[in-house]
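Below: the structure, in structure tokens.
The values are calculated or read from the model by the stated rules, or taken from the named source; none is laboratory data. Treat the numbers as computed from the prediction; the structure is a model and nothing was measured. When we count neighbours, we look across all protein chains shown, and the Cβ atoms used for this are built from the backbone with ideal geometry, even at glycine. Calculation scope for accessible area: heavy atoms of the full protein, side chains included, ligands and nucleic acids excluded. Shrake-Rupley method; radii C 1.70, N 1.55, O 1.52, S 1.80 Å.
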Amino acid sequence: MKNIVSTRTQRRSFWQHLALIGPAFVAGAWQFGPGNLTTAVQAGSGYQYTLIWVIVVSTILMIFLTDMCVRLGIKSPVSLISSIKDHLGGWVGVLAGIGVFLITLCFSVGNAVGSGLGLSMLFGGSPIMWTIICTAAVATLLLLRNVYRVVEKVLVVIVALMAIAFIASAFISNPDWAAAGAGLLPTFPSGAWLLIVALVGTNFSINAAFYTAYGTKERGRTEAEYRDVTIVDTIPGIIAPGIMTALVIVVAASVLGQTGEAAPTIVALAGIFEPLAGPIGSTVFALGFFGAAFSSMLANATAGGTMLSDGLGRGASSGSLTAKLVSAGILSFGVTVTVIFQSSPVQLIVIAQALTVFIAPVLAALIVIMANRSKLMHDMRNTWWQNVAGVIGLAAVLALSIRLLVTLIT
């Protein structure tokens, strides 16, 4: 007890706080992939500032779900899916692993398309060729022994660089900030439902929150570190991609939104950086687009491989053979779909992101249920207000999945 009190009252230095940054920023980098960037530019160019509220609500809900997963990572003696098996039954754990895997398959499509398009804009040549090269590079990185630490460091740097570019472009483009403020009020423009679902699918990324429990466990976080982890990692790690996404909508609305039509091609998307960099704006965009794709591709393949391997009882480490094989399968799926459906890459990304909401309600329900298990969580179990936020998030993704199903049918 003396040691616990001493640890809790000790003030950490700046560098000790900095060392706590990691799992939530990985989740944030996973969120801010090419799908996120594409849907945000389409939202701003097609509907101006009216869909900013979707990002704000999604980010708030994402913080709550990620916080639950951080606490689960701290309190679970084993991995999250293994804990689900112990408390809710083996078949539920297998279902969770398969659910995350299916979502990562959808994300892999946007990552594959985005990496090829970004490098093609930078260096010329076929986007498909660059997709294959980029996928091979990611596969090579995943062969490294300490995969999680490598992924974490790369993603934190990429997110920081992209944040600088988007913040600068938002102010240089001279947007209508009053209209942007009005965009915080919920509205549902006609014909925007698929885009709204896609925005929620990328920004309220429940599988990314789910994987935070694994990163927390792998980093050996303790209950004594929870408060500091929340302040320096969980909240900023999730807010950062939310702010960047909102700024992308603002810039797209200012630069491309005058026509009232969503940008249909990658070249049209690249127009958002013209005020920032003039003729080389497309190059800046291509770098950001590739960075988003590459960072998300790394995290997506790693997380999908790890959690399906765990669900199948083959190990909860990203370094296990099964996890590496599943990660390779996720990367291969993304390349295959990209090759088959290469005629309309922007729309392919939007549809792939929207489809993730079909699985999200299952994962959200499991997170909320596990965060309320008193035998597991003890004094770190959910409070009533955390449960309210969790239920709202669950209801939101469930409603959107039903809406998407109706939209696809009709």
Heavy-atom accessible area per residue - the range 282-410, 1.4 Å, Å²: 42
Sites residue 378 and residue 399, calculated FRET efficiency, Cβ-Cβ separation with R0 41 Å, nearest 0.05: 0.80
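Would you mind getting the accessible area per residue of the range 36-115, heavy atoms of the protein chains only, 1.4 Å probe, in Å²?
24
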Surface/4 of the Cα convex hull for the range 29-143, nm²: 9.9
Cα→Cβ-extended label distance, 7 Å offset, between residue 190 and residue 177, nm: 3.4
Within the accessible area of the range 38-138 (1.4 Å probe), percent carbon and sulfur: 75
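With a 10 Å radius around each residue's Cβ, average the other Cβ atoms per peptide and rank 78-89, 180-191, highest first.
Put in order of decreasing packing, that is 78-89, 180-191.
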Cα-based convex hull volume of the range 285-357 per residue, rounded to whole Å³: 102
Proximal charge balance of residue 86 [Cβ under 14 Å; K/R count +1, D/E count -1]: +3
Extension gain, residue 164 back to residue 340 (0.36 nm per residue minus Cα-Cα distance, nm): 59.8 nm
Within the accessible area of the range 164-245 (1.4 Å probe), percent carbon and sulfur: 69
Residue-span extension gain [residue 385 to residue 235] - 0.36 nm each, minus C-alpha spacing: 52.3 nm
Dipole moment magnitude, nearest 20 debye, the range 293-410 about Cα centre, only Lys, Arg, Asp, Glu C-beta charged: 180
Radius 15 Å from Cβ of residue 104, net charge of other residues (Lys, Arg +1; Asp, Glu -1): 0
